[in-house]
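Participant: If you scroll down you'll find the structure; I have some questions about it.
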Amino acid sequence: MEAGRPAIMTDLMKSKITKILEDKPKLSVRLLRIELRTFLIEKLKKDHPNLSYEELIAEVDNGEEELYGYKLPSSSSIDYYIRNNKIREKILRSQKKPDKLDTFWNSASLNTDRISPAAIPWLTSLQIYRKLSISKPITIREARWFDNLLNFREDYHCPWEINLTPEYEDIFLSHAIATWAQIYAYRERIDTIAGIEDADYSDLDDGIATGDFSKLISINDYSEKFSLSPDRQHEYLISHLVGTTRLVEIFSIAHSLGYPDMADSSIFLYAHGLASMLPDNTFNIRTKKLSYIQRFHFLVLLREWAKEHSDADDDMIKPMIEQNFDKVQSECSEWENQNWKVLKIPQG
């Protein structure tokens, strides 16, 4: 055994240590080992009911060899595992309550976070569309920025032709403004975490005023200027991937659908599927021929598939995309009647 490095612990013990500390993150190693001992004795009794508790206790406390594949780790092994893997820190961080501004917005939020009356019907309708789009609801922080930016709808510039019919102009505008609100909120949150006091959003101001979506491309790399601890690298990877999917959605329908409401593995699948809609791609040529509502429907179908098939292989994506292209052209009118024409944003 390497000096200063206790024996390797079984996955069962690692899992149980984590579960115990999730309930009692400040529990001492001595008391933690007592709980592990009780757990191990009860597990062995369940697996081997013919053995008496006296026999099991004697064997567990002996601790020299594994008993039926199990062994109670020493206090030094437990302490080393907890400290070396920063188990307590990870648990405390995961249990930390999120910033209130980053919780989901609903009308009850108006009790503490005021929104202008004109923005409320837009926001309540937008939350319904977020659900239809397999997206997480907008947050209070995003709702605040939506309220601040809503007047841009009066003269909003769409940077390219998306075959938008007049009856859906308000729905398009709500999504477009929400996309910018999401970017402003993301920038504000990163600046807050980084401790930046004099925030500068002039680049985003230029972008929304001119409809220049290229301003959104650089936002993906904005947080890279701040160092991340190793245990947050996966969190950053997913955030970066979601940012990339947002850009492809913008390329297709001139706005984002919102943060995907799905498992991380499904987000990877969704991103892979969206790659088929990038410029110079075969599917992109076909996408250009679809109407705005058809493109929207196609993205929703892709999200639904990714969410329901999180363990799918990559080679399943192309056939699924072919099938969805046919579906949006044959079934989009029915989907439109069920999900869009029944909803209108009240003017306020």
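Each value in this text was obtained by applying a stated rule to the coordinates, not by laboratory testing. Everything numeric in this text was worked out from a predicted model, so none of it was measured. Using ideal geometry, Cβ is built from the backbone for each residue, glycine included, and neighbour counts are taken over all protein chains shown.
Participant: Once you charge only the Cβ atoms, +1 for Lys and Arg and -1 for Asp and Glu, what is the size of the charge dipole of the stretch 11-95 about its Cα centre, to the nearest 20 debye?
Facilitator: In total the dipole reaches around 740 debye.
Participant: Evaluate the Kirkwood expression for the hydrodynamic radius of the stretch 11-95, namely the inverse of the mean inverse distance over all pairs of different C-alpha atoms, and round to one decimal in Å.
Facilitator: The answer is 13.5 Å.
Participant: Next question. Could you pull out every residue, at least 5 positions away or on a different chain, whose amide H is within less than 5 Å of the one on residue 135? Hs are placed 1.01 Å off N in the peptide plane, and Pro or chain starts have none.
Facilitator: Amide H neighbours of residue 135: 261.
Participant: Report, by chain and number, residues whose modeled amide H sits under 5 Å from the one on residue 256, excluding near sequence neighbours (fewer than 5 apart, same chain).
Facilitator: 179
Participant: Taking every pair of Cα atoms in the stretch 281-330, average 1/r, invert it to obtain the Kirkwood radius, and report Rg/Rh to two decimals.
Facilitator: Using Cα coordinates only, the ratio equals 0.97.
Participant: What distance in nm separates the simple spin-label points at residue 30 and residue 309, each placed 7 Å from Cα in the Cβ direction?
Facilitator: That separation, rounded to one decimal, is 5.7 nm.
Participant: How do 147, 311, 212 line up, fewest other C-beta atoms within 10 Å first?
Facilitator: 311, 212, 147
Participant: Also, I was wondering about something else. For labels at residue 61 and residue 45 in the simple 7 Å Cα→Cβ model, what's the distance in nm?
Facilitator: Result for the modelled spin labels: 1.5 nm.
Participant: Right, here's the next one. Quick one: length gained pulling residue 103 to residue 53 fully straight, 0.36 nm per residue minus the C-alpha distance?
Facilitator: 13.1 nm
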